[in-house]
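The values are calculated or read from the model by the stated rules, or taken from the named source; none is laboratory data. Not measured: the values here are computed from a predicted model. Reconstructed Cβ throughout: ideal geometry from the backbone, glycine too, with neighbour counts over all protein chains shown. All accessible areas refer to the heavy atoms of the entire protein, side chains included, with ligands and DNA or RNA removed. Shrake-Rupley method; radii C 1.70, N 1.55, O 1.52, S 1.80 Å.
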Amino acid sequence: KESYACWLQYKEIDDASLVERYASYGQRVAVGGVSPVLQSAANECVRGMTSMIGVEPTVSDRITRDATLIIGTKDQVSLEDYGIRTNPFPHLPDDGYVIQTANVGGGVLLLLGKTDRGALYAVHHLLRLMQLRKPVDELAIAEGSRNNVRMINHWDNMDGSVERGYAGQSIFFENGKFADNLERLEDYARLLSSVGINAISVNNVNVGKVETRLITEDWLPEVARVADLFRAYGIQIFLSINYASPVEIGGLSTADPLDPAVREWWSERVANIYRFIPDFGGFLVKADSEHRPGPFTYGRNHAEGANMLGEALRPFGGLVIWRCFVYDCQQDWRDRSTDRARAAYDHFKPLDGAFLDNVILQVKNGPMDFQVREPVSPLFGAMPQTNQVIELQITQEYTGQQKDLCYLVPQWKEILDFDTYARGKGSTVKSVVDGSLFNYAHSGMAAVSNVGRDLNWTGHTLAQANLYGYGRLAWNPEMRIEDVTDEWVRLTFGHDSSVVEQISKMLRESWRIYENYTAPLGVGWMVNPGHHYGPNVDGYEYSVWGTYHFADRDGVGVDRTVQTGTGFTAQYFSPNAEMYESLETCPDELLLFFHHVPYTHRLKSGETVIQHIYNTHFEGVEQVQALREGWRKLKGKIDALRFHNVEERLEAQLANAREWRDQINTYFYRKSGIPDEKNRTIYK
Ligand code: BDP
């Protein structure tokens, strides 16, 4: 039960005086109107209240004078009627809300959204405050999200498998069909809406033969059923599409975006989708990447490719979310133009301004692929006239696959806070993707889901924190790491201070720890090809994927400078370009991403590169041991199921960390011939 409930535990509150205060509002709930979203809001409110304070509120669908809690929209309930003179709504975005205590009767709590979605978020906000044991007698909250798009991408296939999924089979599909466990989907929608997610794409960006048909009558009734369910939680549905659909299912001989027959085919398809799903979100597209079809096949660029779909969707208000993860996966290191890190910028930057208004480019956070450490993608800030969303990876493909603990909120914060200098100082990534820097029509955040059919949704129970943290940051990128973390731990495990402190600490340190025992100094990869778990230093070194470390007997790292390397550093604005270009100013943690250096090169920390590699890898293993010891101290303070789940995973993590340490250290000892200054045993 605890595993499944995630952060919506709604545990009974044992503080009698708090319960009394909460209960005074939790008697008579009145809802301002009828809509599926308001219905969900009311249901959630009743559910949370009943479970936390032990009294089930009555619910009325009209606003009564004796209501103690009112759920509605700004059009249904006027603040003035309750003696509140300031009206924050004009300053709030559409999904915003107001939570206000008013001194009418014995006191009433107003939970009002600008739209009904806002009302649902207000309910969740209140329930969160209650779970956190906060007073509610004098609330005057007005909140809205900075990001319009707050999306989750599922990489789920209809056979039930999940690409890069580490928590069991798909919750959406099984055996080539839609799964019929709607209760599970509804609970998922509750979790997502509780952190403000408002969009999901349900199928993998690598669209298979079967999934290509999702946009046809074969499956639209089923897609519509899922859309209905999520709509009630304020979440719009998107589908990933196959760019070659006109050929594969339309019987056309081409998918050329400039061909009139192709354009007409898509327009008809889209119109038909909207007959089934009137508020369909739109398409997510992976094109010309890793063997996927795309406009390049027909000699067209990606603006031509995306705009064709944009035109088809525009009459219905739909969006095209077009991924910038476009590179030649058959490349080799032939000349400087083939550096994979350069690809997204080289393809898309020249097209700035050429995309329709309802097209959004979805840019991965880094120029490579969700490594434990990468610089920020230089595309952020580089396209003032093109809508952008950032793509993060909640699923831990390269960060421990939900066997190893790796809490990604600190990484995401660093990325969002990074200053691109696109419009001078203060041009942070978060101000690009929230649309404020360039006034984008559509913008925000998207992330690849880490959820599957496991009882606890995420495999590793503590990986629930990544899903929660993503939602909270997508809602408000200003939230501090400590606050997101503290909130999640308390909501999930309660308020025992030793539990809160221990788990928060483990989470906050985990990303650095993972970095310590894996690929050093930003060079990335060194993983087993294919599944990407565990060390394999040369696993990708001699293949064609563009992922190299160039270690030889003298040194290691990728020269991406303008002076002597691939010229990638020039894709950044000044002064970032100069900072990365120069060996003196390039930050240690990204050194090997940007430079090829001798093993004896001294870092700013004072250590040589080789000694840093040895030190961090020994330290990483010790730190994982400490994580395990720390967790063991919580035995008896956490329910057995969750305790054992994490304990087991920490055991696996320790084995993995040891393997990484031994392989990395041995490899670099053999390459360099330089012994460890501290004479530790390097290989078994
Ligand atoms: C990589 C994954 C691959 C995805 C690809 C993508 O290894 O499975 O299809 O990204 O984002 O990280 O399209």
Please find, among 241, 249, the residue that is at pLDDT 95 or above, open to solvent by less than 10 Å² (accessible area, probe 1.4 Å) and among the β-branched types (Val, Ile, Thr).
241
Restricted to segment 542-597, and to residues that are within 23 Å of residue 527 (Cα to Cα) and without any contact (Cβ under 8 Å) to a residue 24 or more places away in the chain, which residue is least open to solvent (accessible area, probe 1.4 Å)?
543
Of 471, 530, 494, which residue is over 25 Å from residue 590 (Cβ atoms), surrounded by fewer than 17 Cβ atoms within 10 Å (Cβ to Cβ), in contact with a helix residue (DSSP H, G or I) (Cβ under 9 Å, 6 or more places away or on another chain) and not hydroxyl-bearing (Ser, Thr, Tyr)?
494
The lone condition residue 117 fails out of (1) buried (at least 18 other Cβ atoms within 10 Å of the Cβ); (2) out of contact with any Gly (no Cβ under 8 Å at 6 or more places or on another chain); (3) more than 20 Å from residue 57 (Cα to Cα) is (2)
Looking only at segment 378-396, which residues are outside any strand (DSSP E or B), more than 14 Å from the ligand (Cβ to nearest atom) and either in contact with a strand residue (DSSP E or B) (Cβ under 6 Å, 6 or more places away or on another chain) or more than 17 Å from residue 474 (Cβ to Cβ) (or both)?
378, 379, 381, 382, 383, 384, 385, 386, 387
Selection from segment 83-102 of residues crowded, with 23+ Cβ neighbours inside 10 Å and free of Cβ contacts under 8 Å to residues at least 40 places away in the same chain yields none
Got at least one residue in segment 431-445 being touching a strand residue (DSSP E or B) at 6+ places or on another chain (Cβ under 7 Å) and within 16 Å of the ligand (Cβ to nearest atom)?
yes
Filter segment 313-329 for residues that are over 14 Å from residue 199 (Cβ atoms) and open to solvent by 10 Å² or more (accessible area, probe 1.4 Å); which is farthest from the ligand (Cβ to nearest atom)?
315
Tell me which residues, restricted to segment 4-22, are over 33 Å from the mean Cα position of the chain (by Cα) and open to solvent by 20 Å² or more (accessible area, probe 1.4 Å).
14, 15, 16, 17, 18, 19, 20, 21
Looking only at segment 277-313, filter to residues that are among the hydrophobic types (A, V, I, L, M, F, W, C) and part of a loop (DSSP other than H, G, I, E, B); which one of those is farthest from residue 256 (Cα to Cα)?
277
What pairs can you find where one residue is in segment 362-377 and under 16 Å from residue 326 (Cβ atoms) and away from the ligand (no atom under 12 Å from the Cβ), the other is modelled with pLDDT of 95 or more and hydroxyl-bearing (Ser, Thr, Tyr), and their Cβ atoms are less than 7 Å apart, with a gap of 6+ or different chains?
367/377
Quick one: is residue 620 touching a residue at least 12 places away in the same chain (Cβ under 8 Å) and on the phi > 0 side of the Ramachandran plot?
no
Which condition from (1) of a type outside the set (Gly, Ala, Ser); (2) surrounded by fewer than 20 Cβ atoms within 10 Å (Cβ to Cβ); (3) away from the ligand (no atom under 16 Å from the Cβ); (4) within 18 Å of residue 362 (Cβ to Cβ) is the one that residue 274 breaks?
(4)
Scan segment 497-526 for residues that are aromatic (Phe, Trp, Tyr) and out of contact with any helix residue (DSSP H, G or I) (no Cβ under 6 Å at 6 or more places or on another chain) and report the count.
2
Would a scan of segment 103-113 turn up a residue that is modelled with pLDDT of 95 or more and surrounded by fewer than 21 Cβ atoms within 10 Å (Cβ to Cβ)?
no
Over segment 232-247, the set of residues closer than 17 Å to residue 283 by Cα and assigned to a helix (DSSP H, G or I) is 245, 246
Residues of segment 341-361 satisfying the condition of being surrounded by 22 or more Cβ atoms within 10 Å (Cβ to Cβ) and within 15 Å of the ligand (Cβ to nearest atom)
341, 343, 344, 361
Please go through segment 562-581 and give me each residue that is out of contact with any helix residue (DSSP H, G or I) (no Cβ under 9 Å at 6 or more places or on another chain) and over 13 Å from residue 378 (Cβ atoms), ordered by number.
564, 575
Being without any contact (Cβ under 8 Å) to a residue 60 or more places away in the chain and away from the ligand (no atom under 16 Å from the Cβ) is the requirement here; does residue 182 meet it?
yes
Taking the stated definitions as given, is residue 400 more than 16 Å from the ligand (Cβ to nearest atom) and not aliphatic (A, V, I, L, M)?
no
Mind listing just one residue for me: the one in segment 289-304 that is within 16 Å of the ligand (Cβ to nearest atom) and touching a residue at least 40 places away in the same chain (Cβ under 8 Å) and, of those, surrounded by the fewest Cβ atoms within 10 Å (Cβ to Cβ)?
290
Hits in segment 196-214 (condition: over 14 Å from the mean Cα position of the chain (by Cα) and either in a helix (DSSP H, G or I) or within 13 Å of the ligand (Cβ to nearest atom) (or both))
203, 204, 205, 206, 207, 208, 209, 210, 211, 212, 213, 214
